[in-house]
Amino acid sequence: MSVLVYIEADNNAVKKSSLEALTYAAKMNAGDVTALVTDKAENLEELGKYGVKTVLQVNDEKLSTRPVSAIASAIAGAAQKVGANAVVMSRSSTVDAAAPRVGVKMKATVASNVVALPQNENGFVVRRGVFTGKAFADTKLEGENKILTIAKNALAVDDSLSGSATVEAFVPEFGAKDFAIKVTDVKKQEGDILLPEADLVVSAGRGMKGPENWEMIENLANKLGAATACSKPVSDMDWRPHHEHVGQTGIKVAPSLYIAIGISGAIQHLAGVNSSKTIVVINKDSEAPFFKSADYGIVGDAFDVVPKLTEALEKAGI
Amino acid sequence: MNILVCICHVPDTTTKIKFTGTELDKNGVQFIIGPYDDYALARAVELKEASKGKLTVLNVGEADTEPTIRKALAIGADNAVRINAHPKDAYFVAEQIAAYAKDKNFDMILMGREASDYNGGQVHGMVAEMLDMPCIVPCMTLEVEGNTAKMGREIEGGKEYVECEMPFVAGCQEPIAEWKIPNMRGIMMARKKPLEVIEPTSQSAPTEVMAYQLPAERGNVKMIDADNMDELVRLLKEEAKVL
């Protein structure tokens, strides 16, 4: 048995979420760990300390936009080359789209959104997040080959292993339609911290009364180095853009700190945020349901509390 | 334009999830069209109306999903297909959809980016791979010019705009279109629209849920006085260690 991990790199450095996937693969104790990288990346030998034995590096300009079908072909080809019967990947826009294709190509069983290491006592069982964070399902996977996509922050990165990885060039074979989707434009969001990747999130709801009152929310977010988010009614009323909508039908976030301001805490909103490590709720209604799901609560008017919090952070040198 | 929209039948988003053994406790649970599928359906209705095309809606489910399918017909689908089986897992569902769609000449197969119950997000990619079609997910804008589909999706760090020739598969999410609420005329017409029931073509389902767990409850909330934000900052630094 052996495990293949598809890793992504930004600005030549392997992403933290990919290091989590490497740690997951090493801790599976399922044989050698091979990493596959199709992005430009440096110092790949150092992946040895995460338990990687070999790195397969693909140098192909056509893969720079991470075209999903071609990435899926590269992953299936690499798995075949090294005889891997498990593929582990951290969730990303590419991985979420590629994993089911790899599953069909490899005749493998796919489990997405995996939050813990497998249990092997009674078959191969992984815990998946389901019902949008409202429950977990311990899911048994049949078959020889398995594909796992790992939820962000599912486990801590472990770089305590020693050794250096061998880096080899790998040239995958592509299918006739692997480049059927043409990228016509990419608009990178400048400046702001991106919500899905943010470690700190400041989120506000209808309690802010109108879009003109968001300056204090942005000031607090800037002070913290946090991303801004909002509840569904706020994006539905076009007070804030749709890509800030956090909740069951919007973006799900799992930051270290989620500060909810003027959000009552409808069950659909909670579903999108309840994986956050620490939740702070600021609401003038002491009966707001969100307080039941919070770690810290402040009953008070946002217009009064938020500037005070920004000031207190300033005073504390943050 | 000939469009297929695949919908799932899921608990309403306000549902408090409970289990009886390895089954969802359906007592008092309202079922709806999957919220992401509902966005796909809304955009499909717009494209169908603009092109005077045809819109088929498909669900893999047992007879209890028919009210959900009728709602999709009331929103604007022309005809419906129910593949008569419990949707055991993503692979099982994908095989049924691929088997149904392979000789129907659909220009596009749309569905939500994921079901809001099992959150697999796999069916679109599996169907596309089985039918050798491109697949875009999450598809957040969709326009058609001639035989070319132009789409936008969110990626890490921004937005990506892509195009491909039809046919294709897409897993949709907002803001591709706004949910449509059926009107009385739609509801009346939906009763007369054809709903074909066909049997599944294969049975393989490689995954099985052994047990469900509910997430651990958060400890009691610690209330802090609104005039003492210094204390909140201290707790976030020293107790929660998140600053």
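The values are calculated or read from the model by the stated rules, or taken from the named source; none is laboratory data. Fair warning: this is a prediction, and the values are worked out from it, not measured in the lab. In this analysis, Cβ positions are derived from the backbone assuming ideal geometry, glycine residues included, and neighbour counts consider all displayed protein chains. Note: areas computed on protein heavy atoms with side chains; ligands, DNA, RNA excluded. Shrake-Rupley method; radii C 1.70, N 1.55, O 1.52, S 1.80 Å.
Please determine, by comparing only the residues of region A:1-34 that are outside any strand (DSSP E or B), under 23 Å from A:Ala169 (Cβ atoms) and open to solvent by 10 Å² or more (accessible area, probe 1.4 Å), which one is nearest to the other protein chains (Cβ to nearest Cβ).
Of everything passing the filter in region A:1-34, A:Lys15 is nearest to the other protein chains (Cβ to nearest Cβ).
Taking A:Gln268 as the residue in question, decide whether it is farther than 22 Å from B:Leu235 by Cα and either modelled with pLDDT of 95 or more or in contact with a helix residue (DSSP H, G or I) (Cβ under 6 Å, 6 or more places away or on another chain) (or both).
When the stated conditions are applied, A:Gln268 does not pass them.
Against the definition (surrounded by 15 or more Cβ atoms within 10 Å (Cβ to Cβ), more than 11 Å from every other protein chain (Cβ to nearest Cβ) and either out of contact with any strand residue (DSSP E or B) (no Cβ under 9 Å at 6 or more places or on another chain) or among the acidic types (Asp, Glu) (or both)), how does B:Gly146 come out, yes or no? Talk me through it step by step, then tell me what you get.
Values: surrounded by 15 or more Cβ atoms within 10 Å (Cβ to Cβ): no; more than 11 Å from every other protein chain (Cβ to nearest Cβ): yes; either out of contact with any strand residue (DSSP E or B) (no Cβ under 9 Å at 6 or more places or on another chain) or among the acidic types (Asp, Glu) (or both): yes.
Answer is no for this residue.
Among the residues that make up region B:217-225, is at least one of them β-branched (Val, Ile, Thr) and within 29 Å of B:Met130 (Cα to Cα)?
Looking through region B:217-225, none of the residues is β-branched (Val, Ile, Thr) and within 29 Å of B:Met130 (Cα to Cα).
Take the conditions out of contact with any Asp or Glu (no Cβ under 7 Å at 6 or more places or on another chain), open to solvent by less than 10 Å² (accessible area, probe 1.4 Å), β-branched (Val, Ile, Thr) and within 28 Å of B:Gln173 (Cβ to Cβ) and apply them to A:Val102. Does it pass?
yes
Limited to region A:17-40, what total is found for residues that are of a type in the set (Asp, Glu) and more than 19 Å from the chain's Cα centre (by Cα)?
1
Could you pull out every one of the strands (runs of 3 or more DSSP E) wholly within region B:3-84 that has 2 or more residues that are over 16 Å from the mean Cα position of the chain (by Cα)?
Where strands (runs of 3 or more DSSP E) fall fully within region B:3-84 and carry at least 2 residues being over 16 Å from the mean Cα position of the chain (by Cα), they are B:54-61, B:79-84.
For B:Ile97, only one of the following conditions fails: (1) open to solvent by less than 30 Å² (accessible area, probe 1.4 Å); (2) under 13 Å from the mean Cα position of the chain (by Cα); (3) within 13 Å of chain A (Cβ to nearest Cβ). What is its number?
(2)
Determine the pairs where a residue that is open to solvent by 10 Å² or more (accessible area, probe 1.4 Å), located within region B:127-141, has a partner that is of a type in the set (D, E, K, R) and assigned to a helix (DSSP H, G or I) with Cβ atoms under 6 Å apart, the partner being 6 or more residues away or on another chain.
Filtered contacts from region B:127-141: B:Glu129/A:Arg101.
Anything in region B:220-233 that is facing chain A (nearest Cβ under 7 Å) and part of a loop (DSSP other than H, G, I, E, B)? List them, or say none.
Selection gives B:Val221, B:Ile224, B:Ala226.
Please go through region B:220-243 and pick out each residue that is open to solvent by 40 Å² or more (accessible area, probe 1.4 Å), of a type in the set (A, V, I, L, M, F, W, C) and modelled with pLDDT of 95 or more.
Passing the criteria: only B:Met223.
Just the residues that are on the phi > 0 side of the Ramachandran plot and not in a loop (DSSP other than H, G, I, E, B), please, taken from region B:156-209.
B:Gly158
Against the definition (of a type in the set (Lys, Arg) and open to solvent by 80 Å² or more (accessible area, probe 1.4 Å)), how does A:Lys140 come out, yes or no? First the steps, then the outcome.
Working: of a type in the set (Lys, Arg): yes; open to solvent by 80 Å² or more (accessible area, probe 1.4 Å): no.
In short, no.
Picking from A:Ala165, A:Ala180, A:Ala154, which residue would you name as being in contact (Cβ under 8 Å) with a residue 24 or more places away in the chain, surrounded by 13 or more Cβ atoms within 10 Å (Cβ to Cβ) and under 30 Å from B:Tyr212 (Cα atoms)?
Just a single option satisfies the conditions, and that option is A:Ala154.
Taking region A:218-242 as the search range and keeping residues that are among the polar types (S, T, N, Q) and over 17 Å from A:Val281 (Cβ atoms), which one is most open to solvent (accessible area, probe 1.4 Å)?
Here is the first cut: in region A:218-242, the ones among the polar types (S, T, N, Q) are A:219, A:222, A:228, A:231, A:235.
Checking the rest, the ones that are also over 17 Å from A:Val281 (Cβ atoms) come to A:219, A:222, A:235.
Values: A:Asn219: 75, A:Asn222: 122, A:Ser235: 0 Å².
Among them, the one singled out is A:Asn222.
Looking only at residues in region B:189-219 that are without any contact (Cβ under 8 Å) to a residue 24 or more places away in the chain and exposed (fewer than 11 other Cβ atoms within 10 Å of the Cβ), which one is farthest from the other protein chains (Cβ to nearest Cβ)?
Ranking the qualifying residues of region B:189-219, first place goes to B:Lys192.
Out of curiosity, is A:Gly207 surrounded by 15 or more Cβ atoms within 10 Å (Cβ to Cβ), at positive phi and in contact with a Lys or Arg (Cβ under 9 Å, 6 or more places away or on another chain)?
no
Take residues that are at the interface with another protein chain (Cβ under 9 Å from one of its Cβ atoms) and tell me which of the strands (runs of 3 or more DSSP E) falling wholly in region A:163-208 contain 1 or more.
In region A:163-208, A:182-188, A:200-204 are the strands (runs of 3 or more DSSP E) which contain 1 or more residues that are at the interface with another protein chain (Cβ under 9 Å from one of its Cβ atoms).
Given the conditions (1) among the aliphatic types (A, V, I, L, M); (2) out of contact with any Leu (no Cβ under 9 Å at 6 or more places or on another chain); (3) open to solvent by 60 Å² or more (accessible area, probe 1.4 Å); (4) at pLDDT below 95, and given that A:Ile193 satisfies all but one, which numbered condition is not satisfied?
Here A:Ile193 clears every test but (2).
Before we move on, is B:Val221 farther than 30 Å from A:Leu257 by Cα and touching a strand residue (DSSP E or B) at 6+ places or on another chain (Cβ under 8 Å)?
No, not satisfied.
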